[in-house]
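Participant: Handing you this structure, nothing more for now.
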Amino acid sequence: MKKVDLIIKNAIVLTMDANLNQYSQGALAVQKDSIVDIGPEKDILEKYASSELHDCEGKVLMPGLINTHTHVPMTLLRGLSDDLRLDVWLLGYMMPVEREFVTPEFVELGTSIACAELIRSGVTCFNDMYYFEQVVAQTASDIGLRAVCSQTVMKFPTPDAHSYEESLEYSKNFIKKFKDHPLIVPSIAPHAPYTCPPEILKACTDIALEFDIPLHIHISETKEEVEEMRKENGMPVVPWVKKQGVLEAKVVAAHCVHIDEGEIRTLKHANAGIAHNPSSNLKLASGIAPVQKMLELGVNVGIGTDGTASNNDLDFFEEMRLANFIAKGSSGDPTVLPASQTLVMATRMGADALHIGHITGSLEVGKRADLIILDLNTTHNSPHFRHSPDGVYSQIVYAGKSSDVTDVMVNGNWLMRNRVIDSLDENELIQRSQEYAEKIDKFIIKREKSIISKLIAIGGASREESFEVQVKVAINDPQPIIKKIDSGELIIVRTRHYHEYDTYFDFEDDSEGRLRFREDHFIEKNGSISQVRTRLTHIGPSREHLFPKDILLSRSRYLAPADQSLRFYKEYFKPMSETEIEKDRLRYLAEYKGEEFFINLDKMIKPDLGFFLEIKSRTWSEKDAEEKSSTILELLEFLGVSRGKKITKDYIEIVEEK
Ligand SMILES: [Zn+2]
């Protein structure tokens with residue numbers, strides 16, 4: 001008799017190996033961290049003696065589940081903001097809160113909570129992507145879980161780096177530290193092609209190749225992402241990343257919702273793994289990944305929960321079931337993705353997708369002892385049919401629940417026994433997470449009150465306090481004014497013609513001011529549009545009346561290039577009302593009496609208000625503005641326009657008065 005450390009007996013053993021071998025009264029022998037034998041109980045008990053004997057009492061013994069895509073520290077952001085579009089959710093809520101709160105302590109706590117949840121869900125290995133990934137790796141391995149830990153790199157400053165160069169440096173140090181760890185596979189994660197320009201993709205690929213580690217990336221999660229890529233680079237996302245050399249690494253591509261057959265073939269050819277995230281894709285309405293096609297073409301597809309801020313839980317049983325249901329529901333074919341294949345994706349194929357199939361993912365001799373025990377003798381899971389070997393897979397996928405998991409072992413160590421996790425104090429974790437929630441609540445409540453702080457939170461806005469003095473006069477015919485401008489008595493610095501589309505956002509509280517989203521189309525002499533520019537401006541509320549009553553002073557405080565769409569800003573700022581203004585503008589920058597002024601001749605198209613002359617000047621102080629206002633009135637007279645009643649206020653006020 002050979003001596004081993006542990007024998008697990010009296011189990012329905014599902015090996016999930018290539019032949020899906022099962023042993024209805026099976027046993028498994030563990031020596032140190034590995035499986036040394038597996039088979040009918042009788043054979044195992046005859047061959048081995050062990051110091052520890054675990055009787056499964058007829059429960060199911062199977063490999064641990066593999067969560068192929070998640071962001072574990074985000075458990076602390078669970079439920080922070082839901083029912084939003086991906087960009088508003090990510091750029092408006094997740095990233096600003098992360099910049100403010102994510103520290104090593106946050107990551108340690110979030111990871112601990114996630115590990116408890118993963119263990120209870122039967123997950124023995126997860127593929128993560130976050131910041132301070134070394135803390136994720138340390139925490140997970142202290143608890144005893146196996147993980148592929150991918151350090152995030154992107155073009156924006158992140159909670160753990162001011163620049164991407166810093167992230168790359170961090171990544172290298174982390175990878176070197178964990179390179180030969182028994183539980184952790186370090187990895188690098190260029191976040192996504194839309195947050196990583198080619199130089200970042202290349203640098204990350206170089207690191208992945210240098211250290212022979214997986215490269216984890218989000219690919220084609222939304223339709224917009226693919227459209228944007230086509231517009232900018234004339235190709236979809238997969239060929240683009242291939243062009244940057246990314247597919248030479250051991251890639252794990254998360255999502256792949258909007259990829260075509262050619263792209264699937266490209267990924268297959270590169271032996272890339274795909275992480276399918278049904279909950280997240282459905283909840284964020286990103287779409288349904290063509291999983292059936294991926295499987296047909298032989299790609300390794302695993303299942304992932306994604307982060308808890310977009311899911312909102314790490315319940316892997318729910319994830320398996322959804323993966324299965326949406327494949328059937330979207331194809332109209334109930335025979336696609338049978339339960340057994342779903343469970344293969346959740347185990348062996350998931351491990352293959354992460355490029356660690358030689359270590360884990362099935363119960364086979366030589367692999368690590370990463371296993372779970374399920375109690376299927378529950379009300380929701382009875383009775384059991386055994387006329388087909390598939391019956392047990394159906395039970396697990398269609399009726400099973402996370403609470404059926406009673407015992408979890410990783411690398412030969414028990415992490416949960418009889419539903420008790422000894423290494424974690426879950427009550428303490430819940431309490432500490434609530435303390436974070438209260439701090440984050442305060443931050444959000446304060447931010448939501450102010451338009452300016454919301455503007456700053458999404459980045460890119462520069463505080464640029466400027467004052468504008470302006471006068472606006474309704475005119476019947478712009479021609480005499482154009483003649484006067486061209487007469488040579490004025491110095492014309494520059495002339496421009498453009499079409500302007502403005503959307504003003506108004507808010508309940510007037511003192512918050514208003515936001516203007518402006519889209520300028522520059523029109524060339526031949527009438528073609530040469531350039532489109534969008535800008536977001538916060539216009540302060542004060543309209544001081546220290547000036548002659550004809551003059552309007554407005555204070556513009558924040559100016560930002562509008563990186564996002566109008567739709568994004570509407571959903572993010574949630575204005576009380578909106579006003580649209582469209583005009584054709586001839587703009588002159590002119591010098592008059594030694595000072596520069598903008599002279600705008602506007603044809604108001606929406607609303608149809610006829611022609612206006614506007615003279616304005618931007619100054620950096622109120623005092624300068626006051627001095628300029630008298631010159632503006634002189635310039636108005638010079639252009640032959642009389643003051644008096646015709647002088648009006650802002651366009652938007654004209655519209656409101658109407
Ligand atoms: Zn993700």
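The values are calculated or read from the model by the stated rules, or taken from the named source; none is laboratory data. All values reported here derive from a predicted model rather than from experimental measurement. Positions of Cβ are generated from backbone atoms using ideal geometry, with glycine treated the same way; all protein chains shown enter the neighbour counts. Areas reflect the complete protein model, heavy atoms only, side chains present, ligands, DNA and RNA absent. Shrake-Rupley method; radii C 1.70, N 1.55, O 1.52, S 1.80 Å.
Participant: Applying the Karplus parametrisation 6.51 cos²θ - 1.76 cosθ + 1.60 with θ = phi - 60° to the phi angles of segment 43-51, what ³J(HN,Hα) value in whole Hz is obtained for each residue in order, glycine and proline being reported as x?
Facilitator: Residue by residue, segment 43-51 yields 4, 5, 5, 6, 8, 10, 10, 9, 6 Hz.
Participant: Here is a further query. Give me the net charge of K293's neighbourhood, meaning all other residues with Cβ under 12 Å from the Cβ of K293; Lys, Arg count +1, Asp, Glu -1.
Facilitator: Net local charge, K293 excluded: -2.
Participant: Also, quick follow-up: What percent antiparallel are the DSSP beta bridges of the chain, to the nearest 5?
Facilitator: 70 percent
Participant: Aspartates and glutamates near K574 by alpha-carbon distance under 12 Å, same-chain residues fewer than 8 away left out - which ones?
Facilitator: E448, D506, E508
Participant: At 0.36 nm per residue, minus the direct Cα-Cα distance, what do S565 and K32 gain on full extension? Give it in nm, one decimal, please.
Facilitator: Once the chain is fully extended between S565 and K32, it gains 186.2 nm.
Participant: If each residue of separation counts as 0.36 nm, what is the full-extension length gain between R494 and D477 once their alpha-carbon separation is subtracted?
Facilitator: Roughly 3.9 nm would be gained on extension.
Participant: Rounded to the nearest 10 Å², what accessible area does W620 show when all protein chains are kept and the probe is 1.4 Å?
Facilitator: Rounded to the nearest 10, that gives 150 Å².
Participant: How much of the DSSP bridge set in segment 117-266 is antiparallel, in percent, rounded to the nearest 5?
Facilitator: If we restrict to bridges inside segment 117-266, about 5 percent are antiparallel.
Participant: Between S630 and N233, what's the calculated FRET efficiency when r is the beta-carbon distance and R0 is 45 Å? Round to 0.05.
Facilitator: Computed FRET efficiency for S630 and N233: 0.25.
Participant: Can I ask one more? Mark the label point 7 Å from the Cα of F101 along Cα→Cβ and return the residues of segment 425-453 whose backbone N is within less than 11 Å of it.
Facilitator: Flagged as within label range: 433-445.
Participant: Only Lys, Arg, Asp and Glu count, each charged at its Cβ (+1, +1, -1, -1), so figure out the dipole size of the chain about its Cα centre, rounded to 20 debye.
Facilitator: About 880 debye.
Participant: Just check segment 67-208 against the gyration tensor rule for me: Cα atoms, a ≥ b ≥ c as the square roots of the eigenvalues, rounded for a/c under 1.5, and otherwise prolate or oblate depending on whether a/b exceeds b/c.
Facilitator: oblate
Participant: So who's got an amide H within less than 5 Å of the one on L145, skipping anything under 5 residues away but keeping other chains? H placed 1.01 Å off N, in plane.
Facilitator: none
Participant: Pop a pseudo-label 7 angstrom from the Cα along the beta-carbon direction at both T378 and R265 and give the gap in nm to one decimal.
Facilitator: Spacing of the two 7 Å Cα→Cβ label points: 4.5 nm.
Participant: How big is segment 302-398 in terms of Cα radius of gyration and Dmax, in angstroms?
Facilitator: Every Cα atom of segment 302-398 included, Rg and Dmax give 14.6, 42 Å.
Participant: If you don't mind, there's one more thing I want to ask. In terms of solvent-accessible area of protein heavy atoms at a 1.4 angstrom probe, what is the ranking of K623, K9, highest value first?
Facilitator: K623, K9
Participant: Quick one: what are the phi-derived ³J(HN,Hα) couplings along segment 168-173, Karplus 6.51/-1.76/1.60 with θ = phi - 60°, whole Hz, x for glycine and proline?
Facilitator: 5, 5, 4, 4, 4, 4
Participant: Give me a comma-separated list of calculated 3J(HN,Hα) values for segment 571-580, in order, Karplus coefficients 6.51, -1.76, 1.60 applied at θ = phi - 60°, integers in Hz, x for any Gly or Pro.
Facilitator: Calculated HN-Hα couplings, in order: 6, 7, 8, 6, x, 6, 8, 10, 10, 9 Hz.
Participant: Moving on to the next point. Normalised by the residues of segment 225-370, what does the relative contact order come to in percent, with Cα pairs under 8 Å and at least six apart?
Facilitator: The normalised contact order for segment 225-370 reaches 18 percent.
Participant: For the chain, find the longest principal axis of its Cα atoms and tell me its angle to the long axis of helix 198-211, 0 to 90°, nearest 10.
Facilitator: Roughly 20 degrees between the two axes.
Participant: To the nearest 10 Å², what's E105's accessible area with a 1.4 Å probe?
Facilitator: Approximately 100 Å² of E105 is accessible to the 1.4 Å probe.
Participant: So what's the chain giving for Cα Rg divided by 2.2 N^0.38 Å, two decimals?
Facilitator: 1.22
Participant: Go through N413, L53, S402 and say which Cα lies farthest out towards the positive end of the charge dipole of the chain; charges sit on Cβ, +1 for Lys and Arg, -1 for Asp and Glu.
Facilitator: Farthest towards the positive end: S402.
Participant: Mind giving me the nanometre distance, one decimal, between the label points for K42 and S330, set 7 Å out from Cα along Cα→Cβ?
Facilitator: The two pseudo-label positions are separated by 4.7 nm.
Participant: Same structure, new question: Go through Y194, Y592 and list them by solvent-accessible area, largest first, probe radius 1.4 Å.
Facilitator: Y194, Y592
Participant: For segment 369-469, state which GluC sites (Glu not before Pro) are in a DSSP loop and have at most 11 other beta carbons lying within 10 Å of their beta carbon.
Facilitator: none
Participant: Of I452, N427, H499, whose Cα points farthest to the positive end of the dipole of segment 408-503 (charges on the beta-carbon: +1 Lys, Arg; -1 Asp, Glu; origin at the Cα centre)?
Facilitator: Checking the options against the dipole of segment 408-503, the answer is H499.
Participant: For the chain, with every protein chain kept in place, what is the accessible area per residue (1.4 Å probe, Å²)?
Facilitator: On a per-residue basis, the chain sits at 42 Å².
Participant: Working with all protein chains in place, sort F443, F178 by solvent-accessible area computed with a 1.4 Å probe, largest first.
Facilitator: Order by accessible area, largest first: F443, F178.
Participant: Continuing with the same structure: Kindly report, to the nearest 10 Å², the accessible surface of E41 as traced by a 1.4 Å probe over protein heavy atoms only.
Facilitator: So the heavy atoms of E41 present about 30 Å² to solvent.
Participant: 7 Å from Cα along Cα→Cβ at both K606 and N427: what's the point-to-point distance in nm?
Facilitator: 6.1 nm
Participant: To check my understanding: the extent here is largest minus smallest coordinate of the Cα atoms along each principal axis. What are those three numbers for segment 119-278, in Å, largest first?
Facilitator: Dimensions of segment 119-278 along the principal axes of its Cα atoms: 46, 36, 25 Å.
Participant: Let me ask something else. Let me check I've understood the local charge: for K202, count other residues with C-beta under 12 angstrom from its C-beta, Lys and Arg +1, Asp and Glu -1. What total comes out?
Facilitator: -2
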